[in-house]
2 protein chains.
Amino acid sequence: MHFRPYDIIATKRDGRAHEREEIDYFIAEYSKGRIPDYQVSAWLMACFLNGLDEQETFYLTDAMLHSGNIVDLSSIKQPKVDKHSTGGVGDKVSLVLAPAAAACGVVVPMTSGRGLGFSGGTLDKLESIPGFNVNLSEKAFVRVLEEVGYAMTGQTDTLAPADRKLYALRDVTGTVENISLITASILSKKVAEGADSIVMDVKTGSGAFIKTLDGSRKLASSLMKTARLLGKRVSCVISSMDQPLGSTVGNSLEVIESVACLRGEGPGDLRELVTLLGGYMLMQARLVDDVEAGVEKIERVLNDGSAFERFMHSVECQGGDVSSIEDTGNLPHARFSEQVYGESTGFVNSMNTELIGVAAIYLGAGRFTKDDRIDPATGITVHRKIGDRVGRRDALVTLHYNDDGDVKKAAELVQHAYTIGPEEPPRFNLILEVCG
Amino acid sequence: MHFRPYDIIATKRDGRAHEREEIDYFIAEYSKGRIPDYQVSAWLMACFLNGLDEQETFYLTDAMLHSGNIVDLSSIKQPKVDKHSTGGVGDKVSLVLAPAAAACGVVVPMTSGRGLGFSGGTLDKLESIPGFNVNLSEKAFVRVLEEVGYAMTGQTDTLAPADRKLYALRDVTGTVENISLITASILSKKVAEGADSIVMDVKTGSGAFIKTLDGSRKLASSLMKTARLLGKRVSCVISSMDQPLGSTVGNSLEVIESVACLRGEGPGDLRELVTLLGGYMLMQARLVDDVEAGVEKIERVLNDGSAFERFMHSVECQGGDVSSIEDTGNLPHARFSEQVYGESTGFVNSMNTELIGVAAIYLGAGRFTKDDRIDPATGITVHRKIGDRVGRRDALVTLHYNDDGDVKKAAELVQHAYTIGPEEPPRFNLILEVCG
């Protein structure tokens, strides 16, 4: 069927709903370079302001999904479940969760992204392991999956290419933060990578892209409804990003913390989130009857070394230096460190977690623009989190940096990020809601 | 001052008002090709949906105005008043009004456009006069103005170039029909051409771009407020386009009708609108004390041949074939004609005037796309208008066409355009409102 791009723009501009055929046409033609960016960006702004309903969101996701290949995982008979996070500060869950779930018998086909802005990216973290290759071909991806039970790679050119084009355009036209567009972007990629079902970690709060619980609930609801229409099962955990996850922010620092967690150690909040998300993955894989049983199984593989073994196998299969994991002293380390102290004493009442993420970028751990280079050794160790007591001589964080790091700016941002008061704040809750 | 285009888009997306500096920056940078179309189209859609307030509309108009040259008419001491029409079907007012006003002592620096879609364009009409040159340089424009008292030309590259770029983008992104964007487009061009004041013919109804009286009132109000902020005086006449103006639609047909009007003949509605708009022009030029006196003066120059004389002088000065005006039999004439009859008898109750305009395009008188070629000889003579009785043997219109004309499609459209009923409708009112 033939449509005019102009009419499609006008339909959404006037607040009318799109037919499936219109969206299919628009996305397919845009992918082929037959509709110019300036028409698509006008349409995106109309979508942003006038919204897409459930059906339209499903049509859009499906059209983006079918703009490229869907990975064929039919050779793998085990249940295939993936996890996706909407991104945060110190979020190293994937590094621990994927091998743990694999050790329990789930196959985890995971494509990840890079950090941009205050939010970190799994690919950058993995690349702090010398030699680790995150650019697997589809064939290599399936081979690692078969051998290790999980594989981690970047988005290939053939996977939902419409999403890559659209995301780049949204990024420069102020049309990123829309529930329907976010839903379509996440699900088109995740379904294209071949998983049967997906567990979503929807981040909320000061260190997440969606700052309010209400907004995160809406995204969770949209993800679940759209997934259902696509015939995929999705569970959502809404977790707080009002403070960094774990105690580290920065690439090799987070790998070191992840290795600790994979050895049954590491910070409690990271372990709590990993085991909960893992419990849902096992339930979706029908390997357990309830989440509690799934959580227990994940705890077991973290404690008995089998999750760590999977991780080592993965590092080996993807070309990484195994010795740097056996002794994390061999991972990149920054030459300098500096402690940041609080300006007052009392209790940490709140943290502007986005600012902690931005401070890490100033040290070299992240990117302001797509072309920035990352220094894997740099980052922040967080000593004080919400509810912790802060005395005169208690460092809030330690900054790790090399010659290029703007340590002054980073220290300033960290001090701005902390609110310290005389009263002990209410207990911090990591897990806010679960649904599905 | 430096801004990020992204932030400017986000400001309007979030419904906040722009600072003057933001708009100046955005328009200046876009004019210089330093902001890509895809960011501007997202901003235009945000403007369309969230609106621009009075101040922002003024800032935008002023920024567009200053994107190019302002014609220097300081060598001309007489009052300089222009007329602008928002476009319609059979609207040949400029061809009669400009020479009539000039004959009364007003200098009329008029830049006009071409027809696109159902609406005709003054430049196309003038070009049906063999040899008539509508592409005057700024120097030639001023020379003709000095010699004849009026001059008609197309928009040069140096006149409000931001408007040309923005209009081309709005045209393909569904962002044309917005009061503020229309206001800025009209006024930036009109003020740049050097007039002291402007009389606006705001068309409303089925043959206009704005179909409702309410919409036209809003445009008139926006034009007057913005002009006041620019320090220019503007009067608005809201006139009905619920039927074609005069009895002809098509280029040489409209020149013939205009010549009749310039000789004191021609259809009453055309003369009524010309004299009223002319009355306002004379009043703005302070050549008369009230509109009635202005109307009388215009009537006089139409009756005594002095308006016609000006027209002849202009044709001569702009390279046109004077003999084709002395004897309009020498203007292009179509080879074929066909009459279209009503499907029922009674009274013409209403006309979908846009359809009449589209029928004329099918005959060759207009353009569907910018690259279409016009056949100046083709068009429609309208025999029956609102309130007229239609008997079995009364033709509604005559279609004039050459070999390329799709006369079948045109006839169909004309029949669809007419609503004929047994009851006599209320009297048609051409002039709906005047303000300023």
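For this structure, a couple of remarks:
- Cα centroid separation, the stretch B:149-211 to the stretch B:389-436 (Å): 28 Å
- DSSP beta bridge pairing in chain A, given as percent antiparallel to the nearest 5: 55 percent
- Taking 14 Å as the straight-line reach from the Cα of B:K77, the aspartates and glutamates in range (excluding those fewer than 8 positions away in the same chain) are B:E146, B:E147, B:D196.
- With coordinates expressed along the principal axes, the C-alpha atoms belonging to the protein assembly as shown extend over 107, 58, 43 Å, beginning with the largest.
- Local electrostatic count at B:T369 - Lys and Arg +1, Asp and Glu -1, tallied over other residues with Cβ under 14 Å: +2
- Sorted from nearest, the other copies put their A:R34 label points 3.7 nm away, the label point being 7 Å from Cα in the direction of Cβ.
- Reduction of at least 50 Å² in accessible surface, 1.4 Å probe, comparing all protein chains with the chain by itself, residues of the stretch B:1-26: B:Y6, B:R13
- Prolate/oblate/rounded label for the stretch A:279-436 (Cα gyration tensor, a/c 1.5): oblate
- Semi-axis lengths, largest first, of the ellipsoid equivalent to the stretch B:179-245 are 22, 12, 10 Å, with √(5λ) applied to each eigenvalue of the Cα gyration tensor.
- Inter-part distance where the stretch B:105-138 and the stretch A:1-35 are each reduced to a Cα centre, Å: 36 Å
- Cα-based shape type of the stretch A:165-302, given that a ≥ b ≥ c are square roots of the gyration tensor eigenvalues and the cut on a/c is 1.5: oblate
- Shielding value for A:170-179 is 5, the average number of Cβ atoms from other chains within 10 Å of each residue's Cβ.
- 0 to 90° range, to nearest 10: angle between helix A:179-192 axis and chain A longest Cα axis: 90 degrees
- From the alpha carbon centroid of the stretch B:42-75 to that of the stretch A:246-267 is 55 Å.
- Cα centre as origin, Lys/Arg/Asp/Glu Cβ charges: chain B dipole, Debye: 520 debye
- Total accessible area lost when A and B pair, probe 1.4 Å, Å² to nearest 100: 1700 Å²
- Neighbour count of at most 14 Cβ within 10 Å plus DSSP loop: longest trypsin sites (Lys or Arg not before Pro)-free window in chain B: B:78-262
- Percent carbon-and-sulfur accessible area, the stretch A:187-269, ignoring ligands, DNA and RNA, probe 1.4 Å: 53 percent
- Gyration tensor verdict on the stretch B:97-151 (Cα atoms; rounded if a/c is under 1.5, prolate if a/b is larger than b/c, oblate otherwise): prolate
- The residue list B:V291, B:G266, B:P161 was ranked by how far each Cα lies along the charge dipole of chain B toward its positive end, using unit charges on Cβ atoms, and B:P161 comes out on top.
- Using a 7 Å Cα-to-Cβ projection, A:P425 label spacings across copies, nm, ascending: 6.9
- Cβ-defined net charge surrounding B:A359, 13 Å radius [Lys, Arg +1; Asp, Glu -1]: -2
- Dimensionless Rg ratio for the stretch B:111-183, taking C-alpha atoms and the 2.2 N^0.38 Å reference: 1.28
- B:A140 label point (Cα plus 7 Å toward Cβ) to equivalent points in the other copies: 6.6 nm, shortest first.
- Number of partner chain Cβ atoms within 10 Å, mean per residue of B:45-52: 5
- Translational D in µm²/s for chain A (Stokes-Einstein at 37 °C, 0.692 mPa s, Kirkwood Rh from C-alpha pairs): 148 µm²/s
- Beta bridge orientation in the protein assembly as shown: antiparallel %, DSSP, nearest 5: 55 percent
The values are calculated or read from the model by the stated rules, or taken from the named source; none is laboratory data. These numbers come from a predicted model, not from an experiment. Every residue, glycine among them, receives a Cβ derived from its backbone with ideal geometry; neighbour counts consider all protein chains shown. Surface areas here come from the heavy atoms of the whole protein model, side chains and all, with no ligands, DNA or RNA. Shrake-Rupley method; radii C 1.70, N 1.55, O 1.52, S 1.80 Å.
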